[in-house]
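Quick note: the coordinates plus some simple rules give every number you see, no bench work behind them. The model shown is predicted, which means the values in this text are computed figures rather than measured ones. With ideal geometry, Cβ positions are generated from the backbone for all residues, glycine too; neighbour counts draw on all protein chains shown.
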Amino acid sequence: MKTLGEIIEAAKSGERPDYDELRLAVCAMDILMTFDRQAIWKWAEAESEGKKPFMVYSGLFQRDEQFQRIKLAMAADPKTYLGPNYDPDSPAVQERRRKSIALMDKVLAKESR
């Protein structure tokens with residue numbers, strides 16, 4: 001399997017990467033977005049509470065961490081980057097997802113009452 005960087009570059013160059021490569025690349029990109037979202041929320045929360053920037057709340061730290069995350073992800077094939085805990089082909093992952101979705105549906109249903 002190609003690396004995430006190769007899959008993205010191929011798609012941007014007009015090539016047609018394999019369906020499974022694209023599917024796993026989307027999952028890997030979702031993980032990267034999740035990391036970024038968590039970092040931004042943590043940073044914004046600290047700022048809203050008037051905390052001084054330090055380590056995880058520092059813009060410089062977050063920039064460097066994000067760069068390393070993306071560098072690591074782009075150099076790996078998506079299945080390896082996802083690992084066994086996020087592999088969409090794993091029955092255990094799909095079962096955990098079903099439970100998570102059901103729980104979220106319950107929470108949202110209670111909020112809408």
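Along the positive direction of the dipole of segment 1-78 (beta-carbon charges: Lys, Arg +1; Asp, Glu -1; about the Cα centre), which of Thr34, Ala75, Ala46 reaches farthest?
Ala46
Taking 7 Å along the Cα-to-C-beta vector as the label spot, tell me the Met1-Ser90 distance in nanometres, rounded to one decimal.
So the label points at Met1 and Ser90 sit 1.2 nm apart.
[x] 15.1; [y] 13.6; [z] 16.4: which one is Kirkwood radius over Cα pairs in Å as calculated from this entry?
[z]
Taking 8 Å as the Cα distance limit and 6 or more residues as the minimum spacing, I'd like the relative contact order of the chain as a percentage.
Values: 68 pairs, mean separation 37.3, N = 113.
The normalised contact order for the chain reaches 33 percent.
Give the distance, in whole Å, between the Cα centre of segment 79-103 and the Cα centre of segment 1-63.
19 Å
Would you mind working out the magnitude of the charge dipole of the chain relative to its Cα centre, with +1 at each Lys and Arg C-beta and -1 at each Asp and Glu C-beta, to the nearest 20 Debye?
480 debye
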